[in-house]
Amino acid sequence: MRVSLVCGSSQRLLEKLDGGEVDLTFAVEKKCGHNGETLLSDPLVWVGAKGGQAFERDPLPISTDDETCFLRPFALKALADHGRVWRWVCEDSNFDPILATLDADIAVAPLLASTIPPGFEVLGERHGLPSLPSFWINLYQPHAGPTRLSAELAVHIRDVVGTRSQLVA
């Protein structure tokens, strides 16, 4: 078995799955497609440096994934509905630059709760930030069906996600 990890937005990964470039993929969505399987629900939250002050700045400095990110419009709409003016600090499809801006306390970011590394703080309404919705983490395999190996990998993924979600609950 040979495993290669491909990272990208849900939209791009689903396109790669449809094109036969990957054998299974995760997608972050508001609902699950007909050939997908929901593994867990994950809230989108605002995140900043532990003890940081970036959330106090006006306009609010934010870092997000690029324009293909499914989550980004929800965060931007929540800010607009909340009347919070914002500005970009980082707009990158790579997680590391986004985390670096948080760590340096020069921005806040909307992240799925399950993706927050240690050392960061979840921010919320008491910090002047709007609440954000939850999303589904879905597992997809090809429409024509999985290969034997990708089906076995999916079993292991389900086991790990199930165990992890029980620990979080």
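The values are calculated or read from the model by the stated rules, or taken from the named source; none is laboratory data. What you see is a predicted model, and the numbers here were worked out from it, not measured in a lab. Neighbour counts are summed over all protein chains in view; Cβ atoms, including those assigned to glycine, are modelled from backbone coordinates with ideal geometry.
For the reader, a short list of remarks on this structure follows.
- When residue 22 is tested against the conditions (1) hydrophobic (A, V, I, L, M, F, W, C); (2) within 24 Å of residue 151 (Cβ to Cβ); (3) part of a loop (DSSP other than H, G, I, E, B); (4) under 18 Å from the mean Cα position of the chain (by Cα), the lone failure is (4).
- Residue list for segment 139-169, filter: in a loop (DSSP other than H, G, I, E, B) and at pLDDT below 85: 169
- Of the residues making up segment 1-35, those that are more than 26 Å from residue 103 (Cα to Cα), surrounded by 15 or more Cβ atoms within 10 Å (Cβ to Cβ) and touching a helix residue (DSSP H, G or I) at 6+ places or on another chain (Cβ under 9 Å) are 22, 23, 24, 25, 26, 27, 29.
- Some residue of segment 143-156 being more than 16 Å from the chain's Cα centre (by Cα) and among the polar types (S, T, N, Q): yes
- Residue 76 being assigned to a loop (DSSP other than H, G, I, E, B), farther than 14 Å from residue 52 by Cβ, among the aliphatic types (A, V, I, L, M) and within 16 Å of the chain's Cα centre (by Cα): no
- Residue 93 modelled with pLDDT of 95 or more and closer than 20 Å to residue 9 by Cα: no
- Number of residues in segment 43-65 that are within 12 Å of the chain's Cα centre (by Cα), at pLDDT 95 or above and of a type in the set (D, E, K, R): the value is 0.
- Close contacts from segment 72-85, counting a first residue that is without any contact (Cβ under 8 Å) to a residue 40 or more places away in the chain and surrounded by 11 or more Cβ atoms within 10 Å (Cβ to Cβ) and a second that is of a type outside the set (Val, Ile, Thr) and in a helix (DSSP H, G or I), with Cβ to Cβ under 9 Å and a gap of 6+ residues or different chains, come to none at all.
- Residue in segment 91-114 that is surrounded by 12 or more Cβ atoms within 10 Å (Cβ to Cβ), hydroxyl-bearing (Ser, Thr, Tyr), in contact with an Asp or Glu (Cβ under 8 Å, 6 or more places away or on another chain) and assigned to a helix (DSSP H, G or I) present: yes
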